[in-house]
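Let me begin by presenting the structure, written as structure tokens, before commenting on it.
The values are calculated or read from the model by the stated rules, or taken from the named source; none is laboratory data. Not measured: the values here are computed from a predicted model. In this analysis, Cβ positions are derived from the backbone assuming ideal geometry, glycine residues included, and neighbour counts consider all displayed protein chains. Surface accessibility is based on the protein's heavy atoms, side chains included, excluding ligands, DNA and RNA. Shrake-Rupley method; radii C 1.70, N 1.55, O 1.52, S 1.80 Å.
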Number of protein chains: 2
Amino acid sequence: MVDSRKVGVLGGGQLGRMLIEAANRLNVQVNVLDAAASPAKQISAHNGHIEGSFKDAAAVKRLAQISDVVTVEIEHVDTHMLEEVASEVVVEPSWKTLRTIKDKYAQKQYFKEHGVDVAESIDLEGKGADGLKEVGTSYGYPYMLKSKTEAYDGRGNFVLRSEADIDSALQALGTRPLYAERWADFRLELAVMVVKTKDGVLTFPTVETVHEDSICKLTYAPPRNVSESTSQRAQDLAKKAIGAFEGKGVFGVEMFLLKDDSLLINEVAPRPHNSGHYTIEACPISQYDAHLRAILDLPIPQSALRLREPSIMLNILGGKTPDSHVQVAKKALESPNASIHLYGKGDARPGRKMGHITITAPTLAAAEQEIQPLIEFVDEQKGKSRGPRTNSVSEPLVAVIMGSDSDLPVLRAGLEILQKLAIPFTTRITSAHRTPDWLREFSKNASSTSLKVIIGAAGGAAHLPGMCASWTTLPVIGLPVKATHMDGWDSLVSMTQMPRGEPVATVGINNSTNAALLAVRILGAEYKDIRERLRIWMEGNEKEVMRKDKALLEDGWEAYLKSMGK
Amino acid sequence: MVDSRKVGVLGGGQLGRMLIEAANRLNVQVNVLDAAASPAKQISAHNGHIEGSFKDAAAVKRLAQISDVVTVEIEHVDTHMLEEVASEVVVEPSWKTLRTIKDKYAQKQYFKEHGVDVAESIDLEGKGADGLKEVGTSYGYPYMLKSKTEAYDGRGNFVLRSEADIDSALQALGTRPLYAERWADFRLELAVMVVKTKDGVLTFPTVETVHEDSICKLTYAPPRNVSESTSQRAQDLAKKAIGAFEGKGVFGVEMFLLKDDSLLINEVAPRPHNSGHYTIEACPISQYDAHLRAILDLPIPQSALRLREPSIMLNILGGKTPDSHVQVAKKALESPNASIHLYGKGDARPGRKMGHITITAPTLAAAEQEIQPLIEFVDEQKGKSRGPRTNSVSEPLVAVIMGSDSDLPVLRAGLEILQKLAIPFTTRITSAHRTPDWLREFSKNASSTSLKVIIGAAGGAAHLPGMCASWTTLPVIGLPVKATHMDGWDSLVSMTQMPRGEPVATVGINNSTNAALLAVRILGAEYKDIRERLRIWMEGNEKEVMRKDKALLEDGWEAYLKSMGK
């Protein structure tokens, strides 16, 4: 074992189980407090487990007695009991942190006090129907009514769309401690797993989360159509939100990305989180490794929290029949890049988290293509037909930009090759002189998208590829287009003679074939399948010339010329 | 669970443990026959395990009674007992296969009969010292003396370097059933994990294995300095070797790559194998997943057996002190891309396999750099100073080829940039006209090496980059070098005006800076760290110009000119 200390964990569900997977590999003993044969206990055979509820004070005490560090897989614990045992055993994260976070309204107040952007909220405890009406007047509709405690996976939330909803809202949640939240009109939801260690605060990459019926359905790493700078801002915000809490371990931070590109904290969890499951396959160390290492003060290199490959996580929920989730897992066995996790839970109630699937692939587009049939299958199992928003076409690897639509006919041959070799590409008109701002915006963002190569076609002074290269780090291929004067020499030289520092890969005048094939070679350096397609294509060309040579040899030059009609 | 059938496994060591890791994720119950608290049982809490030895007939019978499919984690089992239970329970792979493979001489005979290339061998059972002497005369020295059975990790092997070794060889192995093997003068050792399913035979990628004291120390995936075609031949040979065996499951195939590039089977194992540990992190499904799926007839897509990232596996062996292996694991916690596996074994005898570390990284060169300190640490723990052969320098990503050494001064600026941005590169002289065959050989092999981009510098008619592009699928950058006449125009046009089909990415005349930076951009499209280095470098340039602009504004143009000494 790398550490002889014993870890005690309150709760033995799927999060505890995946924590134990990580602990097993390091031979660290984890004592679980939960029912017998709970998911976590199934994969951990030793006599240090405790049978009982993680809400039972006596059981928590017993767990503390036989453990060196106590942690949680759920925040809905008795923090007063943890406060009591904290004098005898290390509790990570701190019971104070758990107490703040388990009350969602207290959590929001805490963020406000610490200058962390969070949706506006109003305390409604004891305010009744009048209080709800007042919120409607002040926030407008819709707004969110939420239970302060014991709320997760959408339970404890109610959306009020008009004053008419007040009665049913109170009927649903009236017995619980309530608060209201201003509606966040978000473009999409992001999440970041944060690791708090003895030395500082680290972050995993930003992911996009897709919820359905208020339950996390999918995570995308990296997020779709979100720039690297926004992802970075999300990590910074998550770091800031968690930074001031006491204690160590991983924290899940869920955020809204609003339509104006600003970010708001939605809520945080003081433990491994559904939005971090993807890290098991996608990162060198997972959120579970990180949690274990953080609470035991073992090293965590920040660069271990990188994305090895783009990945998509799909939850397997209980469906309309008791074995719906098993059918999903079976279907996933056919998916080459799918890692399947079943949690060993008992009955599959509809909506219960029974497992998850993570698909990792060389590109997010490939992962999307592979997950699509599984999403559709899950939706069928659930008895619904519509899926969430997904990109049905592959994201482009090549952008073909041109100064004017008059360049398009020259590009035709190249575009046909990209199509023939199945390279996903996009074509845009971005004139360096007529739309300099658009060209700048396009070029600056290019490396944050799926793009890997840019082909810029232009005639005359042909500033397009050169300017593009000045604003991006991606390789830019210049295609000189023959204009009215100078036979194309003007464009050729505008591109090749770029100053030292911003190269343009120039091909021959009007030779869009070579521009396209150069893009394919560049992609082929990374993607073996593309390289293979190119090799086969080149072989075809070779065979064609060999065939002609044979004909010329066999028929003689005169007959050959005749067959050419010359 | 994806399958309600129960799997019984003979042996509960590390291979059984990692098989259970995979089974746990699919909620498949695995019943282990081995001592209590054996590594496999530690991570599997149910009451279906059986305590006892996998060599005990009664225990095997009991295991068969409570299981639907029986498999092994070790081949040194009683195959007669398995033959007996095979009428009641499915045994995978077949007891016949296990019987052939557990006797290494029978294994070799089997391969010979099936036309599989294998080292020449002679039966020595009952032949004594005279037999050994005869082998020396016929094979020459050195040759290998091997025990037919119970031989693994070098135990049961003896190298005879001269006739004088015969006595000590017999002293070491004389009581065992022996055979002799002709010495294989190999360049390096390769291994392939093969999966035999109900539908056919699949292979994992080829790896290079490095042994020390006859125990596997390291595996490299992909192998170092081995062409893709050789790797493919190794997979084909492994497939052929396993194809005719009866039964399903994974098989480890160890091979010698001889100095003439031919391949010989060394030996095979009818189960998951040390040389396949890397698959846990490096492939979408691991050898353990694959074994489980194969014996249960669950789907295994061939494309799931791809390499997600290059990886290196390092075994953690028992060392000179009882906690040497723990120290290695602790050290590995600091390594960002290291996945650590400790097996939960008892005492750490020197040489005992206590765990392993797998490092995955975007390039094999990066993985080599990261593993090096761990190899050195392991060697220190072992009490030795020399390490095995490793590449101390990173493998080149860029080749800079030139028609003549007279081009080198022009290249200097570009080479300095590659150096500054830490891009591993190689420089070669390959004249299209003076060494056409060498250029052809170089170009044809380029894509099978670590290379991703080629920069070709040439003056005059400058055929070098164009010819190179005709023989490779890699992107080729052309750098026109100004020769005596025509001011460089001749070279510029030779490169840009390539025929449709074989593009050369041409940069400005003598502008090796841009040739280098274009190579960096191409690599940056794949490697984020390189893209980031480039971004910082470009930012530096931007700041430099901004600084100059500020000075020009503040000092005025006259003073500025003066400061330039003009």
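When we screen B:ILE50, B:ILE66, B:ILE43 for residues that are aliphatic (A, V, I, L, M), within 30 Å of A:ALA36 (Cβ to Cβ) and out of contact with any strand residue (DSSP E or B) (no Cβ under 8 Å at 6 or more places or on another chain), the only hit is B:ILE43. Any residue in the stretch B:21-30 that is closer than 27 Å to B:TYR278 by Cβ, charged (D, E, K, R), within 10 Å of chain A (Cβ to nearest Cβ) and open to solvent by 10 Å² or more (accessible area, probe 1.4 Å)? Yes, the stretch B:21-30 contains at least one residue that is closer than 27 Å to B:TYR278 by Cβ, charged (D, E, K, R), within 10 Å of chain A (Cβ to nearest Cβ) and open to solvent by 10 Å² or more (accessible area, probe 1.4 Å). Taken together, the residues in the stretch B:325-365 that are in contact (Cβ under 8 Å) with a residue 24 or more places away in the chain, within 11 Å of chain A (Cβ to nearest Cβ) and not aromatic (Phe, Trp, Tyr) amount to 24. Candidates are the residues of the stretch A:95-134 that are open to solvent by 10 Å² or more (accessible area, probe 1.4 Å) and among the small types (Gly, Ala, Ser); the one that is modelled with the lowest pLDDT is A:GLY126.
Taking the stretch B:426-458 as the range and being open to solvent by less than 30 Å² (accessible area, probe 1.4 Å) and within 18 Å of B:VAL493 (Cβ to Cβ) as the test, the residues that pass are B:ALA432, B:GLY456, B:ALA457, B:ALA458. Scanning the stretch B:43-61 for residues that are within 13 Å of another protein chain (Cβ to nearest Cβ) and surrounded by fewer than 22 Cβ atoms within 10 Å (Cβ to Cβ) gives B:ALA45, B:HIS46, B:ASN47, B:GLY48, B:GLU51. Taking first residues from the stretch A:222-250 that are β-branched (Val, Ile, Thr) and partners that are in a helix (DSSP H, G or I), the Cβ contacts under 6 Å between residues at least 6 apart in sequence or on separate chains come to A:VAL250/A:GLN287; A:VAL250/A:ALA290; A:VAL250/A:HIS291.
Among the candidates B:LEU33, B:LEU10, B:LEU63, the residue that is touching a Gly at 6+ places or on another chain (Cβ under 8 Å), touching a residue at least 40 places away in the same chain (Cβ under 8 Å) and more than 30 Å from A:VAL328 (Cα to Cα) is uniquely B:LEU63.
Against the list (1) more than 15 Å from B:VAL400 (Cβ to Cβ); (2) facing chain A (nearest Cβ under 9 Å); (3) touching a helix residue (DSSP H, G or I) at 6+ places or on another chain (Cβ under 6 Å), the condition B:GLN497 fails is (3).
Do we have A:THR513 as at the interface with chain B (Cβ under 9 Å from one of its Cβ atoms), more than 17 Å from B:VAL453 (Cα to Cα) and touching a Leu at 6+ places or on another chain (Cβ under 8 Å) here?
Spelling it out, it is not the case that A:THR513 is at the interface with chain B (Cβ under 9 Å from one of its Cβ atoms), more than 17 Å from B:VAL453 (Cα to Cα) and touching a Leu at 6+ places or on another chain (Cβ under 8 Å).
Here B:THR175 clears all of (1) within 16 Å of B:LYS108 (Cα to Cα); (2) open to solvent by 40 Å² or more (accessible area, probe 1.4 Å) except the condition numbered (1). Pairs meeting the criteria (first residue in the stretch B:282-295 and over 13 Å from B:LEU15 (Cα atoms), second residue assigned to a helix (DSSP H, G or I) and open to solvent by less than 10 Å² (accessible area, probe 1.4 Å), beta carbons under 6 Å, at least 6 apart or on different chains) are B:CYS283/B:LEU305; B:PRO284/B:ALA304; B:ILE285/B:ALA304.
If the condition is being assigned to a strand (DSSP E or B), over 17 Å from B:GLY351 (Cβ atoms) and among the hydroxyl-bearing types (Ser, Thr, Tyr), then the stretch B:144-163 contributes only B:SER147.
Check the stretch B:518-532 and report whether any residue there is outside any helix (DSSP H, G or I), at the interface with chain A (Cβ under 10 Å from one of its Cβ atoms), touching a residue at least 60 places away in the same chain (Cβ under 8 Å) and under 35 Å from the mean Cα position of the chain (by Cα). Within the stretch B:518-532, one or more residues are outside any helix (DSSP H, G or I), at the interface with chain A (Cβ under 10 Å from one of its Cβ atoms), touching a residue at least 60 places away in the same chain (Cβ under 8 Å) and under 35 Å from the mean Cα position of the chain (by Cα).
Give the residues of the stretch A:174-212 that are aliphatic (A, V, I, L, M) and closer than 30 Å to A:THR71 by Cα, sorted by residue number. Scanning the stretch A:174-212 gives A:LEU178, A:LEU190, A:ALA191, A:VAL192, A:MET193, A:VAL194, A:VAL195, A:VAL201, A:LEU202, A:VAL207, A:VAL210.
Working only within the stretch A:185-209, note down all residues that are outside any strand (DSSP E or B) and surrounded by fewer than 17 Cβ atoms within 10 Å (Cβ to Cβ). Passing the criteria: A:ASP185, A:LYS198, A:ASP199, A:GLY200.
Conditions tested, residue by residue: (1) within 14 Å of chain A (Cβ to nearest Cβ); (2) open to solvent by less than 20 Å² (accessible area, probe 1.4 Å).
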{"site": "B:HIS211", "(1), (2)": "no, no"}
{"site": "B:VAL226", "(1), (2)": "no, yes"}
{"site": "B:GLY252", "(1), (2)": "no, yes"}
{"site": "B:VAL268", "(1), (2)": "no, yes"}
{"site": "B:ILE280", "(1), (2)": "yes, no"}
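One residue is enough: does the stretch A:548-560 have a residue meeting the conditions assigned to a helix (DSSP H, G or I), in contact with an Asp or Glu (Cβ under 8 Å, 6 or more places away or on another chain) and of a type in the set (A, V, I, L, M, F, W, C)? Checked the stretch A:548-560: no residue is assigned to a helix (DSSP H, G or I), in contact with an Asp or Glu (Cβ under 8 Å, 6 or more places away or on another chain) and of a type in the set (A, V, I, L, M, F, W, C). Taking the criterion of being at pLDDT below 85 and either open to solvent by less than 10 Å² (accessible area, probe 1.4 Å) or not hydrophobic (A, V, I, L, M, F, W, C) (or both), the residues of the stretch A:474-487 that qualify are A:THR484, A:HIS485.
Cβ-Cβ contacts under 9 Å between residues 6 or more apart (or on different chains), taken from a first residue in the stretch A:145-168 that is more than 17 Å from A:TRP183 (Cα to Cα) to a second residue that is among the basic types (Lys, Arg) and open to solvent by less than 80 Å² (accessible area, probe 1.4 Å), are listed as A:THR149/A:LYS102; A:THR149/A:LYS104; A:THR149/A:ARG176; A:GLU150/A:LYS102; A:GLU150/A:ARG176; A:ALA151/A:LYS104; A:ALA151/A:ARG176; A:ASP153/A:LYS353. Considering only residues of the stretch B:459-473 that are open to solvent by less than 10 Å² (accessible area, probe 1.4 Å) and hydrophobic (A, V, I, L, M, F, W, C), which is farthest from the other protein chains (Cβ to nearest Cβ)? This residue is B:LEU464. Filtering B:SER563, B:SER491 for residues that are open to solvent by 40 Å² or more (accessible area, probe 1.4 Å) and polar (S, T, N, Q) leaves a single hit, B:SER563. Exactly one residue among B:ARG308, B:ARG224 is within 25 Å of B:GLN14 (Cα to Cα), in the same structural domain as B:THR358 (by TED's automatic domain parsing), charged (D, E, K, R) and in contact with a helix residue (DSSP H, G or I) (Cβ under 8 Å, 6 or more places away or on another chain), and that residue is B:ARG308. At least 1 residues being over 28 Å from the mean Cα position of the chain (by Cα) and over 30 Å from B:ALA22 (Cα atoms) is the threshold, and among the strands (runs of 3 or more DSSP E) wholly inside the stretch A:14-127 those reaching it are A:121-123. Would it be correct to say that A:ASP490 is more than 8 Å from chain B (Cβ to nearest Cβ), farther than 30 Å from A:GLU441 by Cα and either in a helix (DSSP H, G or I) or touching a strand residue (DSSP E or B) at 6+ places or on another chain (Cβ under 7 Å) (or both)? In short, no. Considering only the stretch B:287-324, state which residues are within 12 Å of chain A (Cβ to nearest Cβ), of a type in the set (S, T, N, Q) and open to solvent by 10 Å² or more (accessible area, probe 1.4 Å). Answer for the stretch B:287-324, where residues must be within 12 Å of chain A (Cβ to nearest Cβ), of a type in the set (S, T, N, Q) and open to solvent by 10 Å² or more (accessible area, probe 1.4 Å): B:GLN302, B:SER303. With the structure loaded, tell me whether B:ALA457 is at pLDDT 85 or above and in contact with a Leu (Cβ under 6 Å, 6 or more places away or on another chain) or whether it fails that test. For B:ALA457, the condition - at pLDDT 85 or above and in contact with a Leu (Cβ under 6 Å, 6 or more places away or on another chain) - is met.
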